[in-house]
Amino acid sequence: MSKNEHMNNKIDDSNLDENLIADEQLASTVAHLLNDNAQHLNAVTLKRLNAGRDLAVSQLAVRQTQVTQGVNRSGNVLHWLGHGFEQHRMMSITVIAVAMLLGFFAIQQFSLYNNLKHSDAFLLASELPPEAFADKGFNTWLVSKQD
Amino acid sequence: MATTKELSDFLEAVERRAFKQTAYAVRDDHAALDIVQDAMMKLAEKYGDKPAAEFPMLFQRILQNTMRDFWRRQKVRNLWTTLLSSFGSSEDGEDRDPLETIDVQDDSGEPATQLERSQTIKLIERALEKLPTRQREAFVLRYWEEMDVAETAAIMGCSDGSVKTHCSRAVHALALELKKQGLEKLGLSNLMLTKP
């Protein structure tokens, strides 16, 4: 590249920078003017804008109140349960213990009934002699009869 | 979570600019007011739990989307209007001249400097209205709302490069239009920016 071409390129770059700066300045000036003009609105427009703003703010206030009340409501239920437990601690423990025992006995009874058919008491109480139950062929016949 | 005072302060600071920006875009002051009010309500309803620092970007995004909804409804409405009008004729049989709907403001009572200023503002406003939508959006967000390229790109839903392109084209288009109107050099001192 010759010296003249190099100089021309430098001048072109400089012009480009100047144009960019000029564009930026123009944009900034236009924006400033527009912003300044936006401050001078008529009374009717200002009134509507104020009304819109008030409505939005009240909407947010209502929403935040609802959120707070919702938290309190759910918190109160848990608090009531906890408070009740604290107040009647012994009774609560007794109720839970009794429920567990009843459950335990219910399970035991259920399994007892299932085991009854094959227990010694069953053998002694049945009409057949005990030797009959030792006979595997008879036992198979007995099961098939039950089915 | 923002407080009601933070929301109120933010909206008070931004509402006038938002109205003017919307008015330039939709060219209808009543519609612009409706759009701005809708945008305020949406911000409070859907993003009231966000911190106040996020409000500028959120509000601009909501405003742009609400304007797009308005244009879509207008398109559908115009389609029906066109279809129905093709079946009927106007009362006097003549087409309405759209120029008749343009308000002509009487400036004769204003002092000279204020008149010059208001006329210059009008020229700028008209130049801005003539810009393509995306260029106007980019210009408003970058230079009027003073958002950076990344924020502008997030609001417009495009890349940083697209934002720079739109901004560059917008500024060139404005410069050409203003030059055509005889406003080659806009100087702050020439336009008396003090309040009337």
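The values are calculated or read from the model by the stated rules, or taken from the named source; none is laboratory data. Just so it is clear, the model here is predicted, and its values are computed rather than measured. Glycine gets a Cβ as well: all are built from the backbone with ideal geometry, and neighbour counts include every protein chain shown.
For the stretch B:20-31, what are the residues that are assigned to a helix (DSSP H, G or I) and surrounded by fewer than 23 Cβ atoms within 10 Å (Cβ to Cβ)?
B:Ala23, B:Tyr24, B:Val26, B:Asp29, B:His30, B:Ala31
Collect the residues in the stretch B:61-94 that are at pLDDT 50 or above and of a type in the set (D, E, K, R), keeping them in residue-number order.
Once the filter is applied, which keeps residues that are at pLDDT 50 or above and of a type in the set (D, E, K, R), the stretch B:61-94 yields B:Arg61, B:Arg68, B:Asp69, B:Arg72, B:Arg73, B:Lys75, B:Arg77.
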